[in-house]
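The values are calculated or read from the model by the stated rules, or taken from the named source; none is laboratory data. Owing to the predicted nature of the structure, the values given are computational and were not obtained by experimental measurement. Please note: Cβ atoms are built from the backbone with ideal geometry, for glycine as well, and neighbour counts cover all protein chains shown.
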Amino acid sequence: MSTLTFDPTPTTPAATATVDPAAAVARAHARVSPAETVSQTLSMAWRALKKMRRNPEQFFDVTFQPLLFTAMFAYIFGGAISGNVQRYLPLIIPGIVAQTVLTTCMSTGVQLREDMEKGVFDRFKALPIARIAPLAGPMVADLVRYLIAASLTFVVGVIIGYRPHGGPLGVLGAILLAVFTGWAIAWIFTWFGILARSARAVQGYSMMVLFPLTFLSNAFVPVGTLPGGLRTFVKFNPVSHLVSATRDLANHGVLSSEVGWTLLAGLVVIAIFAPLSVRSYKRHL
Amino acid sequence: MTPTTAVYATGLVKSFGGFRAVDGIDLTVDQGEIYGVLGPNGAGKTTMLKMLATLLPIDAGQASLFGVDVAREPHRIRQLLGVTGQYASVDEDLTATENLWLFGRLQGLRSADARATAKRLLAQFDLEEAANKPIAQFSGGMRRRLDLAASLITRPPLIFLDEPTTGLDPRTRGQMWDTIRDLVADGCTVLLTTQYLDEADQLADRISVIDRGRKVAEGTPDELKSSVGDSTLQLQLAAGADQELAAQVVGRVVGQEPVLTPESARMNVPLDVADDAADVLIALRQAEIPIASVSVAKPTLDEVFLALTGHDTGEGDQETTREHLALEIR
């Protein structure tokens, strides 16, 4: 037995005890304040930005897609749809902006899913922080990606001859609207990301939703050329409203009702899907 | 529950589908003690810890930490508790310093304070050299230490450690044990789970043994071990030794027949007191019986389990009748 016996460790706190349970209990507050929530979200955004900088391949989609798609679609469809490329650009550039921003949303969901499978999320769950912070943080960091995607599309457009009549302010407005809408819609994909079993599944669902939504819209073709039933769908498709609003701002410098509807739709999406995401995240524990 | 109770839980239950992972566990941990939860894989140790740490909803029963209800006030519980899981929960893409800084910021430290805390903890855990290396380059022991450091940023009064040394080499394990003792010396209360009897024995003031979601025994390490039986002296007799004579000699010393395995000339001698081992060896020498090898085996977790539950820790005997000895050692 001698091999097993052991001098018991001192169980009474040492004289220099630095941890005081009673004080800790008294200090502990019951809820996270809004200011703490914002600060925690920003800390999470810092983490996401660090990760982006260390994994530059995360920027591939927001750089290559605008470069490639803008040039490709303009030169392939330009002649057929608008007679020539120049006349097609005011139609297609806002369309590509909307499409790029939406596909960027998708990777928000995919990356959240990948992230949630890592050990560090266990710690986030155990920390006394707002439950929304680990979800909203990466999304705040993703604003950078939306900004790159939207701006780059306009830049490529201008290089190949697009002259937006809305002027710099109109284009800026269009970019901001696209960034806001992208951020709002990303909450839907964040929710998918929490619910799905794997990152691959998120990608699968997202493609299934996004592909029809972006192509069955007014992003690439004038609505007048479409058959009746499809035309109705396109009219109600929210992507069409985003595209129209972007066109109104960039091409005409007008704050049209389309802009208002798009903003409203974005707010509604956030109001529904942000709480839904937080709820699912809590359950996911 | 008294004012000095750190963890108080009654009738904790957690079911997954029809399976009761935790099946009515009561637990009381006093402030300033190291409490060990001992059990094999799948016994429900981690599930119990997760419920107490607000990471899993409690299906039935009640739990409180320092008098704060776990189910009703999860946010307050999270401020009282540091949790270090079985797998390092730090961010692989960040450096050690960045990890600790982030966790400090998230818990309300100012940027400069978070940096100072990170620096202090890295020094305390002997990780200064690796401070600016990505975690991906860390060894298992370093990750565990960083993980524990991350749980201590706000100096919580209660620390949960889920199998803190599983997979560590003996030297690193010893370091981890020292660190845990230091925590308690600072006034922390530690609740740890382990699969190793010797770890619980080395560290814990009290142990409860968990099997299939139930507590089958509780007591100090000594109480637990004496309930299980004592060490065994394993003798390998040299070729040609008189086994019959050896058995008689040993029997006279310990007052109990040893278990002989004649084919391999092995003999297992149950010992009441470890001192008896010396007497046995001296008696064998005096009788001129040569010995090839000697070892003293401590009771293993398997033997503890066999004694307490009537089945071993393996998965293979799920069919055996459930014989939970309602053995409560106080």
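Is there a residue in the stretch B:23-42 that is in contact (Cβ under 8 Å) with a residue 12 or more places away in the chain and part of a helix (DSSP H, G or I)? No, the stretch B:23-42 has no match at all.
Out of the strands (runs of 3 or more DSSP E) lying entirely within the stretch B:125-241, which hold 1 or more residues that are of a type in the set (A, V, I, L, M), within 30 Å of B:Ile291 (Cβ to Cβ) and away from chain A (no Cβ under 14 Å)? Fully inside the stretch B:125-241 and qualifying: B:232-237.
Say we look at the stretch B:252-261 and pick out the residues that are touching a strand residue (DSSP E or B) at 6+ places or on another chain (Cβ under 9 Å) and in a helix (DSSP H, G or I); which of these is farthest from B:Ala287 (Cα to Cα)?
It comes out as B:Val254.
Among the residues of the stretch B:33-63, those that are among the polar types (S, T, N, Q) and either facing chain A (nearest Cβ under 8 Å) or within 22 Å of the chain's Cα centre (by Cα) (or both) comprise B:Asn41, B:Thr46, B:Thr47, B:Thr54. Screening B:Ile291 on (1) at pLDDT 85 or above; (2) within 14 Å of chain A (Cβ to nearest Cβ) shows it passes everything except condition (2). Number of residues in the stretch A:21-39 that are at pLDDT 90 or above and surrounded by fewer than 16 Cβ atoms within 10 Å (Cβ to Cβ) equals 4.
When residues in the stretch A:52-90 are screened for being closer than 30 Å to A:Met139 by Cβ and away from chain B (no Cβ under 14 Å), 15 of them pass. With the requirement that a residue be of a type outside the set (S, T, N, Q), assigned to a helix (DSSP H, G or I) and within 9 Å of chain A (Cβ to nearest Cβ), what does the stretch B:75-96 give you? Within the stretch B:75-96, B:His75, B:Arg76, B:Ile77, B:Arg78, B:Leu80 qualify.
Residue pairs whose Cβ atoms lie under 7 Å apart, sitting 6 or more positions apart in sequence or on different chains, and linking a residue in the stretch A:194-213 that is within 30 Å of A:Arg231 (Cβ to Cβ) to a partner that is part of a loop (DSSP other than H, G, I, E, B), are A:Tyr205/A:Ala196; A:Leu213/A:Asn237. Taking B:Gly104 as the residue in question, decide whether it is within 13 Å of another protein chain (Cβ to nearest Cβ), farther than 23 Å from A:Gly119 by Cβ and not in a strand (DSSP E or B). Answer is no for this residue.
Of all residue pairs spaced 6 or more apart or on separate chains, those with beta-carbon atoms under 6 Å, a first member in the stretch A:27-44 that is under 9 Å from B:Leu106 (Cα atoms) and more than 7 Å from chain B (Cβ to nearest Cβ) and a second member that is in a helix (DSSP H, G or I) and small (Gly, Ala, Ser) are A:Thr41/A:Ala133; A:Thr41/A:Ala136; A:Thr41/A:Gly137; A:Met44/A:Ala133; A:Met44/A:Gly137.
Given the criterion surrounded by fewer than 23 Cβ atoms within 10 Å (Cβ to Cβ) and more than 23 Å from A:Leu112 (Cβ to Cβ), identify the matching residue among B:Asp93, B:Asp113. First the steps, then the outcome.
Working: B:Asp93 fails: more than 23 Å from A:Leu112 (Cβ to Cβ).
Within the list B:Asp93, B:Asp113, the selection yields B:Asp113.
Against the conditions (1) charged (D, E, K, R); (2) surrounded by fewer than 24 Cβ atoms within 10 Å (Cβ to Cβ); (3) in contact with a Phe, Trp or Tyr (Cβ under 7 Å, 6 or more places away or on another chain), B:Glu129 satisfies every one except (3). Just one of (1) at pLDDT 90 or above; (2) more than 10 Å from chain A (Cβ to nearest Cβ) fails for B:Asn99. It is (2). Determine, yes or no, whether B:Val209 is in contact with a strand residue (DSSP E or B) (Cβ under 9 Å, 6 or more places away or on another chain), among the aliphatic types (A, V, I, L, M) and within 21 Å of B:Met48 (Cα to Cα). Yes, satisfied. Against the test of being at pLDDT below 95, under 22 Å from A:His165 (Cα atoms) and touching a helix residue (DSSP H, G or I) at 6+ places or on another chain (Cβ under 6 Å), the options A:Ala265, A:Ala250 yield a single qualifying residue, A:Ala250. A:Thr18: within 14 Å of chain B (Cβ to nearest Cβ), among the β-branched types (Val, Ile, Thr) and loosely packed, with under 12 Cβ neighbours inside 10 Å, yes or no? Answer is yes for this residue. Checked against the criterion of being touching a Lys or Arg at 6+ places or on another chain (Cβ under 8 Å) and either touching a residue at least 40 places away in the same chain (Cβ under 8 Å) or basic (Lys, Arg) (or both), the candidates B:Leu271, B:Leu235 yield just one match: B:Leu235.
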